[in-house]
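Novice: Here it is, the structure, as structure tokens.
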Amino acid sequence: MTGLPVPGGAATAHAAEQTRPKTLRVAITRGIDTLNPFLAVFATSTEINRLMYDFLTAYDPKDTHPVPGLAESWEVSADKLTWTYRIRKNAKWSDGQPVTARDVAFTYRLMLRDEDARTANGNFVANFASVTAPDDWTAVIRTKTPQATMLALDVPIVPEHVWKNVKDIGDYQNDQYPVVGSGPFILVDYKPDQYVKLKANKNFWRGAPKLDELVYRYYKNTDAAVQALRKGEVDVVGGLTPAQYDALKGEPGIALNKAQGSRFYELAVNPGAATVTGEPIGDGHPALRDQRVRRAIHHAIDKKTLVQKVLGGYGEPGAGYLPARFKDFHWAPNPAEAIDFDIAKANQILDQAGYRRGPDGVRTMPDGSQPLKFRLLGHNDRPLDAPLAQHIAGWLERIGIRADVRLLASARLNEVWSAGEYDLALGGWNANPDPDYVLSIQKCDQRPAASGKGGTTDNFLCDAEYEALYAQQIQELDRAKRAEIVKRMQQRLYELSTAVILYYAYELEAYRKDRFAPFQTQPDPGGVILHQDGYWSMWSATPVSAERSSGGTGPLLGGLAGLAVLAVMAGVVVNRRRRATADDRE
């Protein structure tokens, strides 16, 4: 029966293609902590928030410089304390109401008065003295001191007419579908650990997406996600392991994308967990409060071998806190200050510090009270954590430290990490075009309250020298001068060794090229498709049929030209993503 003509076959097929929803399906293997934009810190959650809610400014897809968002232009006063933003008049909420400066003021004022509303992005408003809306199209923010991040306020702006009725921000799930937003997509359904479904916002001010639907499908691991890609069940997969990436080379209908990543991966060392008021919490090993022990551990890790053996060469050895992708702010030690792989040096440090080996070869505290046996925690749903942990445990054994490797579910690992109930842990964060957020998570005030609520601390660090440098960089609007301070901050973190930066992995992604045209990456060329500092890839995603019918003019078509015009309208731009996000505390 195959090959027989069907009455009206060509026309019917064409009609079916025209009526079938244009759906992009993205595989995810990480859960969502919350759909509440004031609380969300998981990577997938913040990516979805960027699709749902617009921001005052955006990051250009080519080189991530600031471009207009809800604010079409801005100016700063001579004393650098007052910022005036002109809000565009063609932006609407998905329920049809206009987006105004009063929504902007409401969002920031809510964060100023409500501790829970500051959970994810509180660092951006901590220096605000006042936020006003003199009229519907003008928002004015006055800061206490100059603030370098005023064009990098990565705070989703929410609709006042919806959120003014929320009684408890900390408990609000933001799950009244369809969720009212101003971004290119509207959230219409969510089932935990199953899927997130969004539809195109046809009234989005930049122009409607080429898609009708965007669906994030959950898979238990990347192996399952890759199989779904091969079967055509999903269209885009990120977070591939080197083996998966290599295995997909030459697969029919599949294209690959390798990008310099924005994430650093670390070995977090518990320096003595405490609350924001300094009250000790958790049960970290006391030896790790000693900077000499942490430095010895740092010397014992061969980062080059990790890149070759664990990443298959798809990455770069780590050093500074900000990945090499961020050229202006990236720091690397000179040879004289480098903490290189040196087992002999690590043993020498521990010997001189009084940590003697016992009969079993394991060192003890100087007073002999406790052996240096550390819990080394990793994720059981991240394929590279097991080999990574085994390499590190083997090197630590050579310096008289016993590592008990424990791989936990991400949710459980986040719980024990946040409670300070760990010694060593594998994790990481995404950094952003503006470095402020990832720097802020090392500050004293990011530790949790006594109740356990709040705080986005990376590793419970509280260091006076680092605090002073942070205060300097946030007030420095000269980009070059600020970059020098940021590099000194990274040098301080490197010396303290509470976060040993292991490597910067390349982002390995794949997509169905038989269904979608090449995606807009960020930066371009050589950037990522997923987890962008914005919504460019999803907003401009072009189904192959649509590309052919329009002549294949490229993913952003006239969009970038429009951005160029808007950028001219915006006027002078000073130095400026929100946030870094922890890889699962994200």
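The values are calculated or read from the model by the stated rules, or taken from the named source; none is laboratory data. Predicted, not measured: the structure shown is a model, and the values here were computed from it. Note: ideal-geometry Cβ built from the backbone for every residue, glycine included; neighbour counts use all protein chains shown. Side chains are part of the model used for accessible areas, which takes the heavy atoms of the whole protein and leaves out ligands, DNA and RNA. Shrake-Rupley method; radii C 1.70, N 1.55, O 1.52, S 1.80 Å.
Novice: Just tell me which aspartates and glutamates come within less than 17 Å, Cα to Cα, of Lys309; anything on the same chain fewer than 8 places away is out.
Specialist: By straight Cα distance, Lys309 reaches Asp246, Glu266, Asp385, Glu507.
Novice: Multiply the residue separation of Ser451 and Asp223 by 0.36 nm, subtract the distance between their alpha-carbon atoms, and state the gained length in nm to one decimal. Don't jump to the answer; show the numbers that get you there.
Specialist: Numbers: separation 228, 0.36 × 228 = 82.08 nm, distance 3.88 nm.
Net length gain for the segment: 78.2 nm.
Novice: Under the 0.36 nm per residue contour assumption, what length would be gained going from the current alpha-carbon distance of Glu213 and Arg488 to full extension?
Specialist: Gain in length upon complete extension: 94.4 nm.
Novice: Further, regarding this structure: For a label point 7 angstrom out from the Cα of Gln194 toward its Cβ, which stretches of the stretch 214-229 have the backbone nitrogen within less than 14 Å?
Specialist: Counting only backbone N, you get 216-219.
Novice: Report, in deg cm²/dmol and to the nearest 500, the calculated mean residue ellipticity at 222 nm for the chain, where each DSSP H run with n ≥ 4 adds -39500 (n - 2.57) and the sum is divided by the residue count.
Specialist: Per the formula, -8000 deg cm²/dmol.
Novice: On to the next question. Residue by residue through the stretch 89-103, what is 3J(HN,Hα) from phi via Karplus (6.51 cos²θ - 1.76 cosθ + 1.60, θ = phi - 60°)? Round to whole Hz and write x for glycine and proline.
Specialist: Here the 3J(HN,Hα) series is 9, 9, 9, 10, 6, 5, 8, x, 6, x, 7, 10, 4, 5, 5 Hz.
Novice: Let me ask something additional. State, to one decimal in nm, how far the label point of Asp367 lies from the label point of Lys164, with both points 7 Å from Cα in the Cβ direction.
Specialist: Between Asp367 and Lys164, the label points sit 6.0 nm apart.
Novice: Quick one: which of 129-135, 518-524 comes out on top by average Cβ neighbours within 10 Å, and what's the full order, highest first?
Specialist: Top to bottom by mean Cβ count within 10 Å: 518-524, 129-135.
Novice: Give me the percent of the accessible area of the stretch 19-138 that comes from carbon and sulfur atoms, probe 1.4 Å, all protein chains in place. Write out the running numbers ahead of the final one.
Specialist: Values: 1990 of 4120 Å².
Using a 1.4 Å probe with all protein chains present, the stretch 19-138 comes out at 48 percent carbon and sulfur.
Novice: With labels modelled as points extended 7 Å from the Cα through the Cβ direction, what inter-label distance (nm, one decimal) is found for Thr305 paired with Glu75?
Specialist: Result for the modelled spin labels: 6.1 nm.
Novice: Shifting gears a bit: Roughly speaking, what is the stretch gain from Ala344 to Glu251, that is 0.36 nm per residue apart minus the C-alpha to C-alpha distance, in nm to one decimal? Walk me through the intermediate numbers first.
Specialist: Numbers: separation 93, 0.36 × 93 = 33.48 nm, distance 4.67 nm.
Between Ala344 and Glu251, full extension yields 28.8 nm more.
Novice: Sorted by average packing, counted as other Cβ atoms within 10 angstrom per residue and highest first, what order do 344-350, 42-48 take?
Specialist: Going by the mean number of other Cβ atoms within 10 Å, highest first, we get 42-48, 344-350.
Novice: Any chance you could look up the accessible area of Val196 with a 1.4 Å probe, heavy atoms only, rounded to 10 Å²?
Specialist: Here the accessible area works out near 0 Å².
Novice: Mind listing the phi-derived Karplus ³J(HN,Hα) values for the stretch 124-137, rounded to whole Hz, using 6.51, -1.76 and 1.60 with θ = phi - 60°, and x for any glycine or proline?
Specialist: My calculation for the stretch 124-137 gives 6, 10, 4, 9, 6, 8, 6, 9, 9, 10, x, 8, 5, 10 Hz in order.
Novice: Also: Carbon and sulfur together cover what percent of the accessible area of the stretch 242-361 at a 1.4 Å probe radius?
Specialist: C and S atoms contribute 49 percent here.
Novice: Given a 1.4 Å probe and the protein chains all in place, what does the accessible area of Leu388 round to, in Å² to the nearest 10?
Specialist: About 0 Å², ignoring ligands and nucleic acids.
Novice: Another question about this same structure. Using alpha-carbon positions, what is the distance between the centroids of the stretch 276-319 and the stretch 92-160, in Å?
Specialist: Cα centroid to Cα centroid, the span is 37 Å.
Novice: With the other protein chains left in place, how much accessible area per residue, in square angstrom, belongs to the chain at a 1.4 angstrom probe?
Specialist: Here the per-residue accessible area is 39 Å².
Novice: Right, something else. For Lys304, give me every one of the lysines with a C-alpha distance below 26 angstrom, ignoring sequence neighbours fewer than eight places off in its own chain.
Specialist: Those lysines meeting the cut-off are Lys249, Lys258, Lys327, Lys345, Lys373, Lys487.
Novice: Place a +1 charge on the Cβ of each Lys and Arg in the chain and a -1 charge on the Cβ of each Asp and Glu, then give the dipole magnitude about the Cα centre in debye, rounded to the nearest 20.
Specialist: For the chain, the charge dipole is close to 680 debye.
Novice: Still on this model: Out of the stretch 177-250, which trypsin sites (Lys or Arg not before Pro) are coil in DSSP terms and have no more than 16 other C-beta atoms within 10 Å?
Specialist: For trypsin sites (Lys or Arg not before Pro) across the stretch 177-250 that sit outside H, G, I, E and B with at most 16 neighbouring Cβ atoms in 10 Å, the list reads Lys202, Lys220, Lys249.
Novice: Tell me which trypsin sites (Lys or Arg not before Pro) from the stretch 434-505 have a DSSP coil assignment and no more than 12 other beta carbons within 10 Å of their own. Mind showing how you got there, number by number?
Specialist: Numbers: sites: Lys443, Lys453, Arg479, Lys481, Arg482, Lys487, Arg488, Arg492; in loops: Lys443, Lys453.
Filter output for the stretch 434-505: Lys453.
Novice: Still on this structure, I have one more. Pop the C-beta distance of Glu467 and Asp514 into the FRET formula with R0 = 60 Å and round what comes out to the nearest 0.05. Could the numbers behind the result be given before it?
Specialist: Numbers: r = 53 Å, r/R0 = 0.88.
Given R0 = 60 Å and the Cβ-Cβ separation, E is 0.70.
Novice: Amide H to amide H under 5 Å from Trp331: which residues, 5+ apart in sequence or cross-chain, H placed 1.01 Å off N in plane?
Specialist: Gly320, Tyr321, Leu322
Novice: OK, next. For a quick check: with amide H placed at 1.01 Å from N, whose amide H comes under 5 Å from Trp429's, ignoring anything fewer than 5 positions away on the same chain?
Specialist: Phe264, Asp583
Novice: Based on Cβ point charges of +1 for Lys and Arg and -1 for Asp and Glu, what charge dipole magnitude is obtained for the stretch 265-324 about its Cα centre, in debye rounded to the nearest 20?
Specialist: It comes to approximately 260 debye.
Novice: Okay, moving on. Kindly write out, for the stretch 40-47 in residue order, the coupling ³J(HN,Hα) from the Karplus curve 6.51 cos²θ - 1.76 cosθ + 1.60 (θ = phi - 60°), rounded to whole Hz, with x marking Gly and Pro.
Specialist: 5, 10, 5, 4, 5, 4, 5, 5
Novice: Something else about it: Sort Lys303, Lys62, Lys164 by heavy-atom solvent-accessible area, probe 1.4 angstrom, most to least. Intermediate results must be reported in sequence, preceding the final value.
Specialist: Values: Lys303 25, Lys62 85, Lys164 125 Å².
The residues order as Lys164, Lys62, Lys303, largest area first.
Novice: In terms of modelled amide H atoms, which long-range or inter-chain residues lie less than 5 Å from the amide H of Gly284?
Specialist: Excluding prolines and chain starts, which carry no amide H, the hits are Ala273, Tyr422.
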